[in-house]
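Chemist: Take a look at this one; I'll ask things after.
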2 protein chains.
Amino acid sequence: MGASRETILETIQSYVDLVATGSSADVVALYADGATVEDPVGSEVRTTRESIAEFYGALDSLEQTSKLLHARVSGNEAAFAFELVTKAGDATYTLAPIDVMTFDDDGKITSMRAFWSGEDMVVG
Amino acid sequence: MGASRETILETIQSYVDLVATGSSADVVALYADGATVEDPVGSEVRTTRESIAEFYGALDSLEQTSKLLHARVSGNEAAFAFELVTKAGDATYTLAPIDVMTFDDDGKITSMRAFWSGEDMVVG
């Protein structure tokens, strides 16, 4: 039995919340052992907990807000669009990727692939 | 060299338009030879042009409108959310999946996976 739809949607909401306002350790704790991260799609796949922690660690010092826009679950996989707004001085940088994730039976993330490119960044 | 971002976005827009208002043959023509379709994710993967044509053929007799909501391209892959509204008598059935596609160098679709589940159908 895979994780329930509700559990997967909870993990997605936690991910979106914690990417903006949690510590990198909080985000990494959502991942299962052996998980992989490819962000953006086409970049080198991160396969160790250390390299995943390093990836999210880059966000720790930023002032960010986030919002889940649209989530779709199919079995133990899901895709969702979310918006991440970073404030730096008077500027705001808005990126709204679509992430695809797979989940284990406990609702932990076993893989994440993020679809976006530089053209999608909106500077305001 | 892969297809350009612009070519991929054009294919996605054509797909969304043709799923609603084109013939199944029009939709199938967007696919490369050897393409695969998994709709919804977790269902049996269609691997022949005949089985893909059969899948879209089921939509041919329906009165539908569609709208692209959000598309993200990463290299030769993309994810996008779109809305498909089907009218049947006085009822409307709205489904907004997130599709993930890969593309060949000409911008033809080489694979499609659609994320949605029955709970996402809105009846109005």
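FYI, it's all coordinate maths here, none of it is from the lab. Small disclaimer: the values here were computed from a predicted structure and weren't measured. Because the Cβ atoms are built from the backbone with ideal geometry, glycine has one as well, and the counts that use them run over all protein chains shown.
Chemist: Defining the label point at 7 Å along Cα→Cβ, can you sort the distances from B:Lys87 to the same site in each other copy, shortest first, in nm?
Modeler: Relative to the other copies, B:Lys87 has label-point distances of 4.6 nm.
Chemist: In whole Hz, what ³J(HN,Hα) sequence does the range B:92-98 give by Karplus (6.51, -1.76, 1.60; θ = phi - 60°), x for Gly and Pro?
Modeler: With coefficients 6.51, -1.76 and 1.60, one gets 10, 10, 10, 10, 10, x, 10 Hz.
Chemist: Quick one: net charge of B:Gln13's neighbours, Cβ under 12 Å, K/R +1, D/E -1?
Modeler: Details: positive: B:Lys67; negative: B:Glu6, B:Glu10, B:Asp17.
Charge balance in the 12 Å sphere: -2.
Chemist: In addition: A:Lys87: which lysines have alpha carbons under 18 Å from its alpha carbon, excluding same-chain residues fewer than 8 sequence positions away?
Modeler: A:Lys67
Chemist: Run through the other copies and list how far each one's label point is from that of A:Gly118, in nm with one decimal, shortest first; the point sits 7 Å from Cα along Cα-Cβ.
Modeler: The projected label point of A:Gly118 is separated from its counterparts by 4.7 nm.
Chemist: Continuing with the same structure: For labels at B:Asp33 and B:Lys87 in the simple 7 Å Cα→Cβ model, what's the distance in nm?
Modeler: The modelled label-to-label distance comes out at 4.1 nm.
Chemist: Separate question: Each residue of the range A:26-43 in turn: what ³J(HN,Hα) in whole Hz from Karplus with 6.51, -1.76, 1.60 and θ = phi - 60°, glycine and Pro shown as x?
Modeler: Along the range A:26-43, the couplings run 4, 5, 4, 5, 6, 8, 6, 4, x, 5, 10, 10, 10, 9, x, 3, x, 7 Hz.
Chemist: Another question, then. For B:His70, list long-range residues whose amide hydrogen, built 1.01 Å from N in the peptide plane, is under 5 Å from its own amide hydrogen.
Modeler: Counting only residues 5 or more places away or on other chains, the set is B:Ala81.
Chemist: Scan around B:Thr110 for amide H atoms under 5 Å from its own, H built in the peptide plane at 1.01 Å from N, and keep only partners 5 or more places away or cross-chain.
Modeler: The answer is B:Ala32, B:Thr102, B:Phe103, B:Asp104.
Chemist: Between B:Glu119 and A:Thr47, what is the label-point separation in nm under the 7 Å Cα-to-beta-carbon projection?
Modeler: About 3.4 nm, to one decimal.
Chemist: Next question, about the same structure. Could you grab the relative contact order for chain B? Cα pairs under 8 Å, six or more apart, rounded to a whole percent. Don't skip to the end; give the middle numbers.
Modeler: Working: 250 pairs, mean separation 36.1, N = 124.
29 percent.
Chemist: Let me ask something additional. In whole angstrom, note down how far apart the Cα centers of the range B:51-102 and the range A:1-53 are.
Modeler: So the two Cα centres are separated by 28 Å.
Chemist: Would you work out if the range B:1-44 is rounded, prolate or oblate? Take a ≥ b ≥ c from the square roots of the eigenvalues of the alpha-carbon gyration tensor; rounded if a/c is under 1.5, else prolate when a/b is larger than b/c, oblate otherwise. Write down the numbers at each step before the final one.
Modeler: On the way: a/c = 1.73, a/b = 1.19, b/c = 1.45.
Here the range B:1-44 falls in the oblate category.
Chemist: Turning to a different aspect of this structure: Kindly identify the range A:1-92 as rounded, prolate or oblate by the Cα gyration tensor criterion: order the square roots of the eigenvalues as a ≥ b ≥ c, call it rounded if a/c is under 1.5, otherwise compare a/b with b/c, prolate if a/b is larger, else oblate. Mind showing how you got there, number by number?
Modeler: Working: a/c = 1.85, a/b = 1.29, b/c = 1.43.
Oblate, because a/c is 1.5 or more while a/b does not exceed b/c.
Chemist: So what's the net charge close to B:Thr92: Lys and Arg +1, Asp and Glu -1, counting the other residues with Cβ under 13 Å from its Cβ? Numbers along the way, then the final one.
Modeler: Details: positive: B:Lys87; negative: B:Glu63, B:Glu83, B:Asp90.
For residues surrounding B:Thr92, the net value is -2.
Chemist: Here's a follow-up. When Cβ neighbours within 10 Å are restricted to other protein chains, what is their mean count per residue of peptide B:74-86? Kindly include the intermediate steps, with their values, before the conclusion.
Modeler: Numbers: counts 14, 6, 2, 6, 4, 12, 4, 8, 0, 0, 0, 0, 0.
Rounded to a whole number, the mean comes out at 4.
Chemist: In nm to one decimal, list the spacings between the A:Leu69 label point and its equivalents in the other copies, with label points set 7 Å along Cα to Cβ, shortest first.
Modeler: 1.0
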